[in-house]
Amino acid sequence: MGDLEELARTFRRRIIAHVEQNGGHLASNLGVVELTIALHRIFDFPEDRLVFDVSHQCYVHKLLSGRGGECFDRMRRTGGYSGYCDAQESPFDPFTAGHGGTALSSALGLAVARDLRKDGGHVVALIGDGSLSCGLTMEALQHVAGATERLIVVLNDNGHSIDRGVGAVAEHLLELAGAKNSRRPPCLFRDIHGLEYIGPVDGHDFSSLLPSLTRAKLSPKPVLVHVCTEKGRGHLRAQATPANFHGVTVAGNDGSSFQGKDTYSEVFGRCLCALAEKDPRIVAVTAAMGQGTGLQPFLEKFPDRFFDVGIAEGHALTFAAGLARGGLRPVCAIYSPFIHRAVDNFFHDICLQNLPVVLCMDRAGLSCSDGDTHHGLFDIALLAGFPNVTFAQPASLDELGPLLSAALRVPGPFAMRYPRGVAGNFVPAENPPHPLEMGRATVLRRGSDLTIWALGQRRLEQALELAKILEKQKISTEVVNARFICPIDRVQLERSGRCGLVVAMEDHVAAGGFGSLLRMELHALDVRAEFLSISWPMPVGFAEDNGTLELRHGQSTEQVLEKILRAHGHFGRSAGPTEISIP
């Protein structure tokens, strides 16, 4: 045991040093050091399969699976490893995971495939307690006992997802964790779902972990091992405030990389509080992301009007639909890359019924170091085609508040997307200035040779910079702050089409994005203009900063300028709007 404990101390030092240097997920990884070592000690990976839920706690697993060299030191940066499990990176990662709730379903699929192929080996699903609030996990849980006789579920129970765990299952785990040997409480996993239950087990004590995992390995039926761990173990401030140290840029601070600077999330939270003071119908809903979405001030000010439903994005939206039907004005805050799992709820329960739910999607655009599972590059394609929806993106912090206020006056569904991180206080000068109008784009710079319709702050700043450069080359460039994705301002678009070349710029994938919608409107208006879309390919990958990804995929200002100049030579050649594809 002494050697294993020394190995655990070594790994903790390595993780802390790594996150201090490069950032990453600190508290979650520190909490599973002993558990991961014990799993590798008892099982034979990759012959046995270990499937992580979310996998932001996989650093020790990477170290134990031969990924501890220079690529580990550059993890989440250019030339390094992913910060998550990645099936293309190593055979030790049988399933790519970046979102919560997927481990049990995928592990059960691996186990059933093994059974049908008559292969050997164990399948282990390592899930967090927060994932038990996810509907997908509960759906898989009720399927396990009837589908296979050999599956090992290891429940890492630390009382948190990112924020503290909520709901009835969290209370049940507290009851199980506090049970004495003489008292056998009802057990969800054993009595309802038919799994053998082992636990609770001290997740930092090898003398408890190793025999419990050995027993699970020998079990003749599906088994769940309930392991109690401490998130942030070995780092005093991470232990005290694990939510702040879940994902950090520089370890040792409070977990925020934007101290003293406004972010879209913070401004959203402040604006919502101000609006809620005037309207008692306003309520806030989030899915285990209260702090990350900027809703902590709302919780503190209006605790009875704040609802954290756990990792249950679909439920969050349908619950919000019920709140709206009941006469309230719900604002639902969910990260853009996590809205994927709630698309049907937005369509069926909100848009078809034309209910006044405001969906605010943080983390739209790139999430540079987290990579493809966390880029917010699909929300427009997923949501903009639904009936009755108004969809917008503010171009600055100063536009967010007015948009949110306007959204709460719309009698139907309203979706808003905005990026992660620092925004500064960039205020584009409007020409002419006017109050924010629903569905209205604004011209920030007049021009006659080409027009750039830019969506969001980064692309708008880039467009204004491009216009100045093009002006020096005697190319008169109009710049439009699109602001609204749907409805698109058809009056202004028809005027812009007279320029001859329309350029759409967005932080979104090309297929189904803002550029696609703009092109369709040009066709509908029978505007005779060339068309160029500046958008993202997939996969995008990860890097240490957004600028590196822009350069890699031809999205830097210099590269976009070259594409526009090449497209400029196509003037007058088409009989209608044509998308120009320039590699």
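The values are calculated or read from the model by the stated rules, or taken from the named source; none is laboratory data. Keep in mind that this is a model prediction, so the values were computed, not measured. Reconstructed Cβ throughout: ideal geometry from the backbone, glycine too, with neighbour counts over all protein chains shown.
Yes/no matrix, rows are residues, columns are (1) more than 22 Å from GLY24 (Cβ to Cβ); (2) buried (at least 19 other Cβ atoms within 10 Å of the Cβ); (3) at pLDDT 95 or above:
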{"position": "GLU89", "(1), (2), (3)": "no, no, no"}
{"position": "GLY98", "(1), (2), (3)": "no, yes, no"}
{"position": "LYS118", "(1), (2), (3)": "yes, no, no"}
{"position": "LEU126", "(1), (2), (3)": "no, yes, yes"}
{"position": "GLY130", "(1), (2), (3)": "no, yes, no"}
{"position": "GLU139", "(1), (2), (3)": "yes, no, no"}
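When each of ARG459, ARG498 is tested for being farther than 30 Å from GLY412 by Cβ and basic (Lys, Arg), the lone residue that passes is ARG498. The test for being out of contact with any Phe, Trp or Tyr (no Cβ under 6 Å at 6 or more places or on another chain), more than 30 Å from CYS58 (Cα to Cα) and surrounded by 22 or more Cβ atoms within 10 Å (Cβ to Cβ) holds for PHE346.
Every condition in (1) farther than 30 Å from ASP115 by Cβ; (2) β-branched (Val, Ile, Thr); (3) at pLDDT 90 or above is met by ILE42 except one, and the failing one is (1).
Mind checking which residues of segment 383-422 are assigned to a strand (DSSP E or B) and either touching a helix residue (DSSP H, G or I) at 6+ places or on another chain (Cβ under 7 Å) or under 15 Å from LEU272 (Cβ atoms) (or both)? Spell out the reasoning first.
Start the filter on segment 383-422 by keeping residues that are assigned to a strand (DSSP E or B), which leaves 390-392, 414-417, 422.
PHE391, ALA392, PHE414, ALA415, MET416, ARG417, listed by residue number.
Hey, can you tell me all the residues within segment 184-218 that are in contact with a Leu (Cβ under 8 Å, 6 or more places away or on another chain), in a helix (DSSP H, G or I) and aliphatic (A, V, I, L, M)? Once the filter is applied, which keeps residues that are in contact with a Leu (Cβ under 8 Å, 6 or more places away or on another chain), in a helix (DSSP H, G or I) and aliphatic (A, V, I, L, M), segment 184-218 yields LEU209, LEU213.
Among the residues of segment 200-217, what is the count of those that are touching a residue at least 40 places away in the same chain (Cβ under 8 Å) and more than 18 Å from GLY159 (Cβ to Cβ)? Quick ask: steps written out before the conclusion?
Start the filter on segment 200-217 by keeping residues that are touching a residue at least 40 places away in the same chain (Cβ under 8 Å), which leaves 200, 203-207, 209-210, 213-214, 216-217.
Still in the running and more than 18 Å from GLY159 (Cβ to Cβ): 206-207, 209-210, 213-214, 216-217.
Here the count works out to 8.
The residues of segment 518-540 include none that are under 28 Å from ASN22 (Cα atoms) and touching a Lys or Arg at 6+ places or on another chain (Cβ under 7 Å).
Give the number of residues within segment 549-568 that are assigned to a helix (DSSP H, G or I), under 30 Å from the mean Cα position of the chain (by Cα) and buried (at least 19 other Cβ atoms within 10 Å of the Cβ). Let's see the steps before the verdict.
Initially, segment 549-568 is screened for residues assigned to a helix (DSSP H, G or I), giving 549-552, 557-568.
Right, trim to under 30 Å from the mean Cα position of the chain (by Cα) and you get 549-552, 557-560.
Now narrow it down to the ones that are buried (at least 19 other Cβ atoms within 10 Å of the Cβ): 549-550, 560.
The number of residues fulfilling the criteria is 3.
Return yes or no: is GLU437 part of a helix (DSSP H, G or I), modelled with pLDDT under 95, closer than 25 Å to GLU494 by Cβ and of a type outside the set (Ser, Thr, Tyr)? Taking the combined requirement at face value, the residue does not satisfy it.
Once segment 362-373 is narrowed to residues that are of a type outside the set (Gly, Ala, Ser) and crowded, with 24+ Cβ neighbours inside 10 Å, the residue that is farthest from the chain's Cα centre (by Cα) is CYS368.
Quick one: which of ALA504, ALA511, ALA524 is outside the structural domain of ASP372 (by TED's automatic domain parsing), in contact with a strand residue (DSSP E or B) (Cβ under 9 Å, 6 or more places away or on another chain), surrounded by fewer than 17 Cβ atoms within 10 Å (Cβ to Cβ) and closer than 28 Å to PHE414 by Cβ?
Values: ALA504 fails: surrounded by fewer than 17 Cβ atoms within 10 Å (Cβ to Cβ); ALA524 fails: in contact with a strand residue (DSSP E or B) (Cβ under 9 Å, 6 or more places away or on another chain).
Unique residue meeting the criteria: ALA511.
Scanning for something farther than 18 Å from LEU155 by Cα, assigned by TED's automatic domain parsing to the domain that holds LEU132 and of a type in the set (S, T, N, Q), does segment 61-78 turn up at least one residue? Walk me through it before giving the result.
We begin by selecting, within segment 61-78, every residue farther than 18 Å from LEU155 by Cα; these are 62-78.
Adding the requirement that they be assigned by TED's automatic domain parsing to the domain that holds LEU132 leaves 62-78.
Imposing the further condition that a residue be of a type in the set (S, T, N, Q) reduces the set to 65, 78.
Yes, that holds for at least one residue.
Just wondering, is there one or more residues in segment 374-381 that are surrounded by 21 or more Cβ atoms within 10 Å (Cβ to Cβ), touching a His at 6+ places or on another chain (Cβ under 7 Å), closer than 24 Å to GLN457 by Cβ and among the aliphatic types (A, V, I, L, M)? Yes: segment 374-381 contains one or more residues that are surrounded by 21 or more Cβ atoms within 10 Å (Cβ to Cβ), touching a His at 6+ places or on another chain (Cβ under 7 Å), closer than 24 Å to GLN457 by Cβ and among the aliphatic types (A, V, I, L, M). Listed here are the strands (runs of 3 or more DSSP E) enclosed by segment 472-537 that have at least 3 residues being of a type in the set (Ser, Thr, Tyr), and there are none.
Here CYS499 fulfils each of the conditions (1) crowded, with 18+ Cβ neighbours inside 10 Å; (2) within 20 Å of ALA392 (Cα to Cα) apart from (2).
Tally the residues that are touching a Gly at 6+ places or on another chain (Cβ under 8 Å) and modelled with pLDDT under 95, restricting the search to segment 100-116.
Start the filter on segment 100-116 by keeping residues that are touching a Gly at 6+ places or on another chain (Cβ under 8 Å), which leaves 100-101, 114.
Imposing the further condition that a residue be modelled with pLDDT under 95 reduces the set to 100-101.
Number satisfying all stated conditions: 2.
Number of residues in segment 453-494 that are among the hydroxyl-bearing types (Ser, Thr, Tyr) and out of contact with any helix residue (DSSP H, G or I) (no Cβ under 6 Å at 6 or more places or on another chain) equals 1.
Name the one entry in THR78, THR137 that is β-branched (Val, Ile, Thr) and part of a loop (DSSP other than H, G, I, E, B). Reasoning before the result, please.
On the way: THR137 fails: part of a loop (DSSP other than H, G, I, E, B).
Being β-branched (Val, Ile, Thr) and part of a loop (DSSP other than H, G, I, E, B) holds for just one of THR78, THR137, which is THR78.
Contact map, segment 135-147: residues that are closer than 20 Å to LYS221 by Cβ paired with residues that are part of a helix (DSSP H, G or I) and aromatic (Phe, Trp, Tyr), Cβ distance under 9 Å, separation 6+ or inter-chain. Pairs shown: LEU141/PHE189. Here PHE307 meets each of (1) touching an Asp or Glu at 6+ places or on another chain (Cβ under 6 Å); (2) within 24 Å of ARG409 (Cβ to Cβ); (3) among the hydrophobic types (A, V, I, L, M, F, W, C) with one exception, condition (1).
Hey, any hits in segment 43-51 for a residue that's more than 22 Å from CYS368 (Cα to Cα), among the β-branched types (Val, Ile, Thr) and in contact with a strand residue (DSSP E or B) (Cβ under 8 Å, 6 or more places away or on another chain)? Within segment 43-51, one or more residues are more than 22 Å from CYS368 (Cα to Cα), among the β-branched types (Val, Ile, Thr) and in contact with a strand residue (DSSP E or B) (Cβ under 8 Å, 6 or more places away or on another chain).
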